[in-house]
């Protein structure tokens, strides 16, 4: 079976792209020590750009969906960018959505990509979603981010919530960020266990758009990803 290729390109600008280099303080880009080393010397006290954010993920019968708004804010008070991609591919059939500080989020995504690539090169097969989520839980510990991880493997679709304490919680759907309460209201009402990716996409977008109406730190359009056994597809729906 031919494995899907990682796709670094997508409609919106990725978190931490060169265009944002002058916006992100160097202190927030410090590399986190590898697992097993002391992390007391890593400080996240410097001013950081935070994505504010509404992110959602949900399972479908034939894959998983992720959606996120595209606004980046400074402390939730000033809009620093209106075209930020908060979902990144980290595995041939998995994506991660980030809520939190941009620099540590970029570091986490790069670490997961490297780990997934190394695993595949050594074992000649992609990581399972359980293995990937466990690796993500190790890498996220101590970071000021709260990501969602969604992907597909031989056992089907998976959605995981993670936090800076290193916890990993699996569920059929999840929301995160400053708009999560509104997003959860939509998800609770509309999630259907029998929905395919097309129907799940409508639910994911509706949840993010509803949050953007009420949460001032979320807005400016929706990035949408469809993850199936064939790979990852990105789409974008701009705010009207």
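The values are calculated or read from the model by the stated rules, or taken from the named source; none is laboratory data. Predicted, not measured: the structure shown is a model, and the values here were computed from it. In this analysis, Cβ positions are derived from the backbone assuming ideal geometry, glycine residues included, and neighbour counts consider all displayed protein chains.
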Exercise. Is it the case that region 129-144 has a residue that's in contact with a strand residue (DSSP E or B) (Cβ under 7 Å, 6 or more places away or on another chain), surrounded by fewer than 21 Cβ atoms within 10 Å (Cβ to Cβ) and assigned to a helix (DSSP H, G or I)?
Worked result: yes
Exercise. Is there any pair linking a residue in region 133-160 that is without any contact (Cβ under 8 Å) to a residue 24 or more places away in the chain to one that is in a helix (DSSP H, G or I), with Cβ under 6 Å and at least six apart or on different chains, and which?
Worked result: 135/115
Problem set entry | Identity of the residue in region 194-214, in contact (Cβ under 8 Å) with a residue 60 or more places away in the chain and out of contact with any strand residue (DSSP E or B) (no Cβ under 6 Å at 6 or more places or on another chain), that ends up surrounded by the most Cβ atoms within 10 Å (Cβ to Cβ) | 203
Problem set entry | Residues being assigned to a strand (DSSP E or B) and either surrounded by fewer than 18 Cβ atoms within 10 Å (Cβ to Cβ) or in contact with a helix residue (DSSP H, G or I) (Cβ under 8 Å, 6 or more places away or on another chain) (or both) - total across region 69-83 | 6
Seminar exercise, completed: Checked region 93-106 for anything in contact with a helix residue (DSSP H, G or I) (Cβ under 8 Å, 6 or more places away or on another chain), farther than 18 Å from residue 220 by Cα and either outside any helix (DSSP H, G or I) or at pLDDT 95 or above (or both); matches are 94, 96, 101
Exercise. From 239, 217, 204, which residue is over 14 Å from residue 62 (Cβ atoms), under 17 Å from the mean Cα position of the chain (by Cα) and at pLDDT below 95?
Worked result: 217
Exercise. Of all the residues that make up region 145-163, how many are over 14 Å from the mean Cα position of the chain (by Cα) and surrounded by fewer than 21 Cβ atoms within 10 Å (Cβ to Cβ)?
Worked result: 4
Problem set entry | Odd one out for residue 236, checked against (1) without any contact (Cβ under 8 Å) to a residue 60 or more places away in the chain; (2) surrounded by fewer than 20 Cβ atoms within 10 Å (Cβ to Cβ) | (1)
Seminar exercise, completed: Selection from region 118-128 of residues part of a helix (DSSP H, G or I) and buried (at least 16 other Cβ atoms within 10 Å of the Cβ) yields 119
Exercise. For region 145-240, which fully contained strands (runs of 3 or more DSSP E) count at least 2 residues that are within 12 Å of residue 67 (Cβ to Cβ)?
Worked result: 148-153, 173-177, 222-228, 231-237
